[in-house]
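Here's the structure we're looking at; comments come further down.
The values are calculated or read from the model by the stated rules, or taken from the named source; none is laboratory data. As the structure is a computational prediction, the values presented were derived from the model and not from experiment. So basically every Cβ, Gly included, is an ideal-geometry build from the backbone, and we count neighbours across all protein chains shown.
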Amino acid sequence: MTAPPAAVGRRAGGPDVPSGAWTRAVVAPLARRSLRRLRRRRHLLALAGAGAGAVTLIAAAAVGFGGSSSPPTGPLPAATAVVLRTTLTQTQQVGGLISYGEPVGLVAQQQSGVLTWIAAPGTTVKIGQPVYTVDSRPVILLHGTATPYRTLATGTLGPDVKELETSLKNLGYTGFTVDETFDAATASAVRVWQAKSGLPVTGTVPPDQIFVHDGDIRVALQVIPAGSRLGLQPNQQVITYSGATQVASIPLDVSLQHLVHTGDPATVTLPTGQRLDGTVRSVGAVAQTIEEQDKTFITVIVSFDDPSALAGGFDSSPVTLAIVTGQRANVLTVPITALLANPDGGYAVQAVRDGRLTFVPVTIGMFAGGKVEISGAEISEGLTVRVAQ
(Lines give C-alpha, C1' and ligand atoms only; values in the text may rest on other atoms or scores of the structure.)
Protein backbone atom coordinates (compact mmCIF):
# COMPACT_ATOMS: atom_id res chain seq x y z
CA MET A 1 0.00 0.00 0.00
CA THR A 2 1.48 3.31 -1.05
CA ALA A 3 1.72 6.30 1.30
CA PRO A 4 -0.85 9.06 0.80
CA PRO A 5 0.39 12.21 -0.91
CA ALA A 6 1.54 15.09 1.30
CA ALA A 7 -1.13 17.66 2.19
CA VAL A 8 -0.97 20.70 -0.01
CA GLY A 9 -2.44 24.15 0.11
CA ARG A 10 -3.47 26.20 -2.85
CA ARG A 11 -2.73 29.90 -3.18
CA ALA A 12 -5.24 31.75 -5.36
CA GLY A 13 -3.68 32.30 -8.76
CA GLY A 14 -0.45 30.43 -7.85
CA PRO A 15 1.03 26.95 -7.76
CA ASP A 16 0.39 24.35 -5.16
CA VAL A 17 2.66 24.87 -2.14
CA PRO A 18 3.00 22.54 0.86
CA SER A 19 1.05 23.99 3.75
CA GLY A 20 4.12 24.32 5.98
CA ALA A 21 6.00 26.26 3.34
CA TRP A 22 2.94 28.46 2.74
CA THR A 23 2.91 29.37 6.41
CA ARG A 24 6.61 30.17 6.46
CA ALA A 25 6.64 32.07 3.18
CA VAL A 26 3.42 34.09 3.41
CA VAL A 27 1.50 33.91 6.66
CA ALA A 28 4.41 34.47 9.03
CA PRO A 29 5.70 37.64 7.29
CA LEU A 30 2.17 39.09 7.22
CA ALA A 31 1.75 38.35 10.89
CA ARG A 32 5.04 40.03 11.73
CA ARG A 33 4.13 43.07 9.66
CA SER A 34 0.72 43.33 11.39
CA LEU A 35 2.40 43.05 14.79
CA ARG A 36 4.81 45.89 13.91
CA ARG A 37 1.88 48.07 12.82
CA LEU A 38 -0.02 47.28 16.03
CA ARG A 39 2.97 48.24 18.17
CA ARG A 40 3.40 51.47 16.20
CA ARG A 41 -0.28 52.34 16.68
CA ARG A 42 -0.06 51.69 20.41
CA HIS A 43 2.89 54.07 20.59
CA LEU A 44 0.90 56.75 18.79
CA LEU A 45 -2.06 56.29 21.10
CA ALA A 46 0.23 56.90 24.07
CA LEU A 47 0.61 60.48 22.81
CA ALA A 48 -3.10 61.14 23.23
CA GLY A 49 -2.64 62.51 26.72
CA ALA A 50 -0.44 65.30 25.37
CA GLY A 51 -2.51 65.91 22.27
CA ALA A 52 -6.00 66.00 23.84
CA GLY A 53 -6.97 62.65 22.33
CA ALA A 54 -6.74 63.75 18.73
CA VAL A 55 -3.60 61.70 18.07
CA THR A 56 -5.85 58.65 17.80
CA LEU A 57 -6.48 59.83 14.26
CA ILE A 58 -2.79 59.49 13.40
CA ALA A 59 -2.93 55.71 13.57
CA ALA A 60 -6.02 55.60 11.39
CA ALA A 61 -4.45 57.88 8.79
CA ALA A 62 -1.28 55.79 8.71
CA VAL A 63 -3.17 52.79 7.31
CA GLY A 64 -3.37 54.60 3.98
CA PHE A 65 0.37 54.08 3.48
CA GLY A 66 0.03 50.30 3.53
CA GLY A 67 3.51 50.00 5.06
CA SER A 68 5.18 51.50 1.97
CA SER A 69 7.61 54.42 2.18
CA SER A 70 7.17 55.45 -1.48
CA PRO A 71 5.48 58.81 -2.14
CA PRO A 72 1.71 58.31 -2.46
CA THR A 73 -0.02 59.53 -5.57
CA GLY A 74 -3.62 60.11 -6.54
CA PRO A 75 -6.19 62.89 -6.26
CA LEU A 76 -5.39 65.74 -3.92
CA PRO A 77 -7.11 65.63 -0.51
CA ALA A 78 -10.17 67.71 0.21
CA ALA A 79 -8.89 68.75 3.64
CA THR A 80 -5.60 70.60 4.00
CA ALA A 81 -3.88 72.95 6.42
CA VAL A 82 -0.93 75.32 6.28
CA VAL A 83 2.19 75.10 8.42
CA LEU A 84 2.06 78.11 10.73
CA ARG A 85 4.67 79.79 12.90
CA THR A 86 3.21 80.56 16.30
CA THR A 87 3.51 80.10 20.07
CA LEU A 88 2.21 76.89 21.62
CA THR A 89 0.98 77.03 25.21
CA GLN A 90 0.14 74.01 27.33
CA THR A 91 -2.33 74.55 30.17
CA GLN A 92 -3.75 72.59 33.07
CA GLN A 93 -7.21 73.16 34.52
CA VAL A 94 -7.63 73.48 38.30
CA GLY A 95 -10.88 73.98 40.16
CA GLY A 96 -11.88 76.68 42.62
CA LEU A 97 -14.76 78.86 43.80
CA ILE A 98 -15.96 82.39 43.24
CA SER A 99 -15.91 84.21 46.55
CA TYR A 100 -15.14 87.57 48.11
CA GLY A 101 -11.80 86.31 49.39
CA GLU A 102 -10.77 84.85 52.72
CA PRO A 103 -12.55 86.77 55.55
CA VAL A 104 -10.37 88.30 58.27
CA GLY A 105 -11.27 89.71 61.66
CA LEU A 106 -11.68 93.39 62.54
CA VAL A 107 -10.37 94.06 66.05
CA ALA A 108 -12.02 96.91 67.98
CA GLN A 109 -9.72 99.78 68.95
CA GLN A 110 -11.98 100.82 71.80
CA GLN A 111 -11.06 99.67 75.31
CA SER A 112 -14.53 100.34 76.70
CA GLY A 113 -18.06 101.15 75.61
CA VAL A 114 -21.08 99.30 74.23
CA LEU A 115 -21.54 98.17 70.65
CA THR A 116 -24.69 99.98 69.63
CA TRP A 117 -24.78 99.05 65.93
CA ILE A 118 -22.91 96.73 63.51
CA ALA A 119 -23.16 96.53 59.71
CA ALA A 120 -25.13 93.42 58.74
CA PRO A 121 -23.51 90.37 57.11
CA GLY A 122 -23.44 90.73 53.34
CA THR A 123 -23.35 94.53 53.57
CA THR A 124 -20.83 96.43 51.47
CA VAL A 125 -19.29 99.27 53.48
CA LYS A 126 -17.86 102.04 51.32
CA ILE A 127 -15.32 104.77 52.05
CA GLY A 128 -16.75 107.32 54.48
CA GLN A 129 -19.44 104.96 55.85
CA PRO A 130 -19.60 103.51 59.39
CA VAL A 131 -18.60 99.90 60.03
CA TYR A 132 -19.97 99.82 63.60
CA THR A 133 -20.77 102.26 66.40
CA VAL A 134 -19.66 102.36 70.03
CA ASP A 135 -21.84 104.37 72.40
CA SER A 136 -23.55 105.65 69.22
CA ARG A 137 -20.26 107.05 67.85
CA PRO A 138 -19.37 105.61 64.41
CA VAL A 139 -16.11 104.00 63.34
CA ILE A 140 -15.62 105.23 59.77
CA LEU A 141 -14.01 103.30 56.89
CA LEU A 142 -11.17 105.15 55.16
CA HIS A 143 -8.92 103.84 52.40
CA GLY A 144 -5.25 103.10 52.94
CA THR A 145 -2.77 100.52 54.15
CA ALA A 146 -1.34 102.14 57.30
CA THR A 147 -2.89 100.72 60.48
CA PRO A 148 -4.11 103.53 62.76
CA TYR A 149 -1.95 103.60 65.90
CA ARG A 150 -1.72 107.26 66.96
CA THR A 151 -3.80 110.39 67.14
CA LEU A 152 -3.37 112.55 64.03
CA ALA A 153 -3.24 116.24 64.86
CA THR A 154 -1.66 119.50 63.75
CA GLY A 155 2.09 118.96 63.40
CA THR A 156 1.88 115.18 62.78
CA LEU A 157 3.98 113.93 59.88
CA GLY A 158 3.92 110.61 58.04
CA PRO A 159 2.30 108.36 55.43
CA ASP A 160 -0.77 107.83 57.62
CA VAL A 161 -1.44 111.55 57.37
CA LYS A 162 -1.25 111.38 53.58
CA GLU A 163 -3.70 108.48 53.51
CA LEU A 164 -6.13 110.42 55.71
CA GLU A 165 -5.90 113.46 53.43
CA THR A 166 -6.31 111.29 50.33
CA SER A 167 -9.51 109.78 51.74
CA LEU A 168 -10.87 113.21 52.67
CA LYS A 169 -10.16 114.45 49.14
CA ASN A 170 -11.90 111.37 47.64
CA LEU A 171 -14.90 112.14 49.84
CA GLY A 172 -15.09 115.65 48.38
CA TYR A 173 -13.39 117.74 51.07
CA THR A 174 -11.06 120.54 49.92
CA GLY A 175 -8.91 123.40 51.19
CA PHE A 176 -5.78 121.40 52.03
CA THR A 177 -2.79 119.86 50.25
CA VAL A 178 -2.45 116.09 50.09
CA ASP A 179 0.97 115.44 51.57
CA GLU A 180 2.47 113.92 54.70
CA THR A 181 1.92 117.01 56.85
CA PHE A 182 -1.12 117.49 59.11
CA ASP A 183 -1.42 121.29 59.18
CA ALA A 184 -4.10 123.80 60.05
CA ALA A 185 -5.82 123.36 56.67
CA THR A 186 -6.01 119.61 57.26
CA ALA A 187 -7.46 120.18 60.75
CA SER A 188 -10.13 122.46 59.29
CA ALA A 189 -11.18 119.81 56.75
CA VAL A 190 -11.20 117.16 59.49
CA ARG A 191 -13.62 119.23 61.60
CA VAL A 192 -16.03 119.54 58.66
CA TRP A 193 -15.80 115.77 58.03
CA GLN A 194 -16.35 114.98 61.72
CA ALA A 195 -19.43 117.17 61.90
CA LYS A 196 -21.00 115.47 58.86
CA SER A 197 -20.09 111.98 60.08
CA GLY A 198 -21.53 112.23 63.59
CA LEU A 199 -18.14 112.29 65.31
CA PRO A 200 -16.94 114.64 68.05
CA VAL A 201 -15.70 117.77 66.28
CA THR A 202 -12.12 118.11 67.51
CA GLY A 203 -9.92 118.58 64.43
CA THR A 204 -7.88 115.56 65.54
CA VAL A 205 -8.32 111.92 64.53
CA PRO A 206 -7.71 109.25 67.19
CA PRO A 207 -7.23 105.64 66.01
CA ASP A 208 -10.59 104.51 67.45
CA GLN A 209 -12.53 106.81 65.08
CA ILE A 210 -11.46 105.13 61.84
CA PHE A 211 -10.89 101.74 60.26
CA VAL A 212 -8.40 101.76 57.38
CA HIS A 213 -8.50 99.24 54.53
CA ASP A 214 -7.14 99.28 50.97
CA GLY A 215 -10.67 99.40 49.52
CA ASP A 216 -14.33 98.97 50.36
CA ILE A 217 -15.21 95.94 52.47
CA ARG A 218 -17.97 93.32 52.63
CA VAL A 219 -19.11 92.15 56.05
CA ALA A 220 -18.97 88.37 56.35
CA LEU A 221 -20.03 87.71 59.98
CA GLN A 222 -20.84 89.58 63.15
CA VAL A 223 -18.50 88.04 65.71
CA ILE A 224 -20.22 89.59 68.72
CA PRO A 225 -23.76 91.00 68.73
CA ALA A 226 -24.85 94.59 69.15
CA GLY A 227 -25.19 95.33 72.87
CA SER A 228 -21.90 93.65 73.74
CA ARG A 229 -19.53 95.56 76.03
CA LEU A 230 -16.01 96.13 74.79
CA GLY A 231 -12.92 95.87 76.95
CA LEU A 232 -13.92 92.65 78.71
CA GLN A 233 -11.04 90.91 76.93
CA PRO A 234 -8.18 92.14 74.74
CA ASN A 235 -8.31 92.16 70.94
CA GLN A 236 -12.05 91.66 70.67
CA GLN A 237 -13.19 91.05 67.11
CA VAL A 238 -16.36 92.82 66.04
CA ILE A 239 -16.82 91.43 62.53
CA THR A 240 -15.07 89.36 59.90
CA TYR A 241 -14.82 90.99 56.49
CA SER A 242 -13.39 90.59 53.01
CA GLY A 243 -12.97 92.71 49.92
CA ALA A 244 -16.10 94.01 48.24
CA THR A 245 -15.42 92.55 44.80
CA GLN A 246 -15.66 88.89 43.85
CA VAL A 247 -12.53 86.90 43.14
CA ALA A 248 -11.68 83.32 42.23
CA SER A 249 -10.17 81.36 45.13
CA ILE A 250 -8.12 78.43 43.85
CA PRO A 251 -6.70 75.70 46.13
CA LEU A 252 -3.57 74.97 44.10
CA ASP A 253 -1.53 71.81 44.66
CA VAL A 254 1.90 72.76 45.97
CA SER A 255 3.52 70.82 43.10
CA LEU A 256 2.17 73.52 40.74
CA GLN A 257 3.05 76.50 42.94
CA HIS A 258 6.15 77.39 40.92
CA LEU A 259 3.98 77.93 37.83
CA VAL A 260 1.89 80.77 39.31
CA HIS A 261 3.12 84.23 40.27
CA THR A 262 1.48 87.42 41.50
CA GLY A 263 0.63 89.62 38.53
CA ASP A 264 0.36 86.75 36.05
CA PRO A 265 -2.54 86.97 33.56
CA ALA A 266 -5.19 84.31 34.16
CA THR A 267 -8.26 82.91 32.42
CA VAL A 268 -11.17 81.72 34.57
CA THR A 269 -14.04 79.65 33.17
CA LEU A 270 -17.50 80.10 34.74
CA PRO A 271 -20.09 77.30 35.11
CA THR A 272 -21.83 78.76 32.04
CA GLY A 273 -18.71 78.17 29.95
CA GLN A 274 -17.98 81.90 29.76
CA ARG A 275 -14.28 82.73 30.00
CA LEU A 276 -13.16 85.82 31.87
CA ASP A 277 -9.74 87.45 31.91
CA GLY A 278 -8.16 88.06 35.27
CA THR A 279 -4.92 88.64 37.14
CA VAL A 280 -3.30 86.63 39.92
CA ARG A 281 -3.65 88.92 42.93
CA SER A 282 -1.94 86.77 45.53
CA VAL A 283 -0.27 83.39 45.93
CA GLY A 284 -0.51 81.89 49.40
CA ALA A 285 2.75 81.40 51.30
CA VAL A 286 1.37 78.96 53.89
CA ALA A 287 0.46 75.46 52.73
CA GLN A 288 -2.61 73.66 54.05
CA THR A 289 -3.25 69.93 54.08
CA ILE A 290 -6.44 67.91 53.62
CA GLU A 291 -5.48 64.68 55.38
CA GLU A 292 -8.46 62.69 54.06
CA GLN A 293 -7.35 63.41 50.49
CA ASP A 294 -3.60 63.46 51.23
CA LYS A 295 -3.49 66.82 49.44
CA THR A 296 -1.36 69.83 50.30
CA PHE A 297 -2.26 73.14 48.70
CA ILE A 298 -1.85 76.88 48.78
CA THR A 299 -4.60 79.40 48.03
CA VAL A 300 -4.33 81.49 44.86
CA ILE A 301 -6.57 84.54 44.54
CA VAL A 302 -7.43 85.75 41.03
CA SER A 303 -9.15 89.10 40.51
CA PHE A 304 -11.34 89.69 37.45
CA ASP A 305 -10.42 92.42 34.97
CA ASP A 306 -14.14 93.16 34.52
CA PRO A 307 -15.95 92.41 37.82
CA SER A 308 -19.27 93.53 36.32
CA ALA A 309 -19.24 90.36 34.18
CA LEU A 310 -20.03 88.44 37.39
CA ALA A 311 -23.18 90.38 38.17
CA GLY A 312 -25.82 88.07 39.60
CA GLY A 313 -25.88 84.40 40.48
CA PHE A 314 -22.20 83.54 40.80
CA ASP A 315 -21.62 83.76 44.56
CA SER A 316 -19.82 80.55 45.67
CA SER A 317 -20.06 79.09 42.15
CA PRO A 318 -17.39 76.59 41.02
CA VAL A 319 -14.89 77.80 38.42
CA THR A 320 -11.78 76.49 36.69
CA LEU A 321 -8.48 78.27 36.25
CA ALA A 322 -6.17 77.59 33.31
CA ILE A 323 -2.54 77.41 34.45
CA VAL A 324 0.26 77.58 31.89
CA THR A 325 2.45 74.48 32.32
CA GLY A 326 4.63 74.86 29.22
CA GLN A 327 5.25 77.16 26.30
CA ARG A 328 7.17 77.07 23.01
CA ALA A 329 7.56 80.37 21.16
CA ASN A 330 8.15 80.94 17.44
CA VAL A 331 7.74 77.30 16.35
CA LEU A 332 6.24 75.70 13.24
CA THR A 333 2.94 73.92 13.89
CA VAL A 334 0.25 71.89 12.14
CA PRO A 335 -3.04 70.43 13.34
CA ILE A 336 -2.50 67.11 15.13
CA THR A 337 -4.63 65.44 12.46
CA ALA A 338 -1.89 66.16 9.88
CA LEU A 339 0.54 63.90 11.71
CA LEU A 340 1.14 60.37 10.38
CA ALA A 341 3.12 57.34 11.48
CA ASN A 342 6.24 56.89 9.34
CA PRO A 343 6.54 53.21 8.34
CA ASP A 344 10.31 53.53 8.77
CA GLY A 345 9.88 54.92 12.28
CA GLY A 346 9.02 58.34 13.66
CA TYR A 347 6.43 60.62 12.11
CA ALA A 348 5.62 62.40 8.88
CA VAL A 349 3.18 64.67 7.10
CA GLN A 350 1.85 64.59 3.55
CA ALA A 351 2.93 67.77 1.78
CA VAL A 352 0.92 69.06 -1.18
CA ARG A 353 3.37 70.15 -3.88
CA ASP A 354 2.80 70.71 -7.58
CA GLY A 355 -0.45 68.79 -7.55
CA ARG A 356 1.11 65.78 -5.80
CA LEU A 357 1.27 64.39 -2.27
CA THR A 358 4.76 63.91 -0.90
CA PHE A 359 5.57 61.91 2.22
CA VAL A 360 7.80 64.21 4.41
CA PRO A 361 9.42 62.95 7.65
CA VAL A 362 9.19 65.33 10.63
CA THR A 363 10.40 65.62 14.20
CA ILE A 364 7.63 66.40 16.67
CA GLY A 365 7.77 68.63 19.75
CA MET A 366 5.09 70.09 22.03
CA PHE A 367 1.38 69.26 21.71
CA ALA A 368 -1.09 72.00 22.73
CA GLY A 369 -4.54 73.19 21.74
CA GLY A 370 -5.01 70.61 18.99
CA LYS A 371 -1.71 71.51 17.33
CA VAL A 372 1.74 69.94 17.33
CA GLU A 373 5.19 71.45 16.89
CA ILE A 374 7.07 69.99 13.91
CA SER A 375 10.47 70.48 12.32
CA GLY A 376 12.45 68.95 9.48
CA ALA A 377 14.65 69.73 6.50
CA GLU A 378 11.66 70.01 4.15
CA ILE A 379 9.31 71.82 6.55
CA SER A 380 8.78 75.55 6.14
CA GLU A 381 6.19 78.14 7.07
CA GLY A 382 3.31 78.22 4.58
CA LEU A 383 3.70 74.61 3.41
CA THR A 384 0.33 72.98 2.63
CA VAL A 385 -0.23 69.56 4.23
CA ARG A 386 -3.01 67.01 4.21
CA VAL A 387 -5.17 66.63 7.34
CA ALA A 388 -7.44 63.74 8.25
CA GLN A 389 -11.17 64.38 7.97
Report yes if some residue within segment 367-374 is basic (Lys, Arg), surrounded by 14 or more Cβ atoms within 10 Å (Cβ to Cβ) and assigned by TED's automatic domain parsing to the domain that holds Gly263; otherwise report no. yes
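Only one residue in Val349, Val334, Val254 is farther than 30 Å from Ala78 by Cα and either hydrophobic (A, V, I, L, M, F, W, C) or more than 15 Å from the chain's Cα centre (by Cα) (or both). Which one? I'd like the intermediate steps shown before the answer.
Working: Val349 fails: farther than 30 Å from Ala78 by Cα; Val334 fails: farther than 30 Å from Ala78 by Cα.
Step by step, each of Val349, Val334, Val254 is checked, and only Val254 is farther than 30 Å from Ala78 by Cα and either hydrophobic (A, V, I, L, M, F, W, C) or more than 15 Å from the chain's Cα centre (by Cα) (or both).
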Sole miss for Gln90 among (1) modelled with pLDDT under 95; (2) farther than 19 Å from Gly198 by Cβ; (3) in contact with an Asp or Glu (Cβ under 6 Å, 6 or more places away or on another chain) is condition (3)
Please go through segment 291-325 and pick out each residue that is among the polar types (S, T, N, Q), at pLDDT below 85 and under 15 Å from Ser249 (Cβ atoms). Ser316, Ser317
Meets criteria (farther than 24 Å from Thr91 by Cα and among the β-branched types (Val, Ile, Thr)) for Val286: yes
Which residue out of Asp160, Asp183 is under 22 Å from Pro138 (Cβ atoms), surrounded by 14 or more Cβ atoms within 10 Å (Cβ to Cβ) and not aromatic (Phe, Trp, Tyr)? Asp160
Residue ranges of strands (runs of 3 or more DSSP E) in segment 196-315 with at least 2 members crowded, with 16+ Cβ neighbours inside 10 Å: 210-213, 217-222, 237-243, 247-253, 265-269, 275-283, 295-304
Say whether the condition of being loosely packed, with under 13 Cβ neighbours inside 10 Å and closer than 30 Å to Glu102 by Cα is met by at least one residue in segment 325-336. yes
Test Leu340 against the criterion of being buried (at least 18 other Cβ atoms within 10 Å of the Cβ) and more than 33 Å from the chain's Cα centre (by Cα), and give yes or no. no
Check off (1) surrounded by 15 or more Cβ atoms within 10 Å (Cβ to Cβ); (2) under 30 Å from His258 (Cα atoms) for Pro361 and give me the number that stays unchecked. (2)
Could you look through segment 83-106, keep only residues that are β-branched (Val, Ile, Thr) and surrounded by 14 or more Cβ atoms within 10 Å (Cβ to Cβ), and pick out the one that is farthest from the chain's Cα centre (by Cα)? Val83
Quick one: is Ala266 at pLDDT below 90, among the aliphatic types (A, V, I, L, M), farther than 30 Å from Asp135 by Cβ and in contact with a Gly (Cβ under 9 Å, 6 or more places away or on another chain)? yes
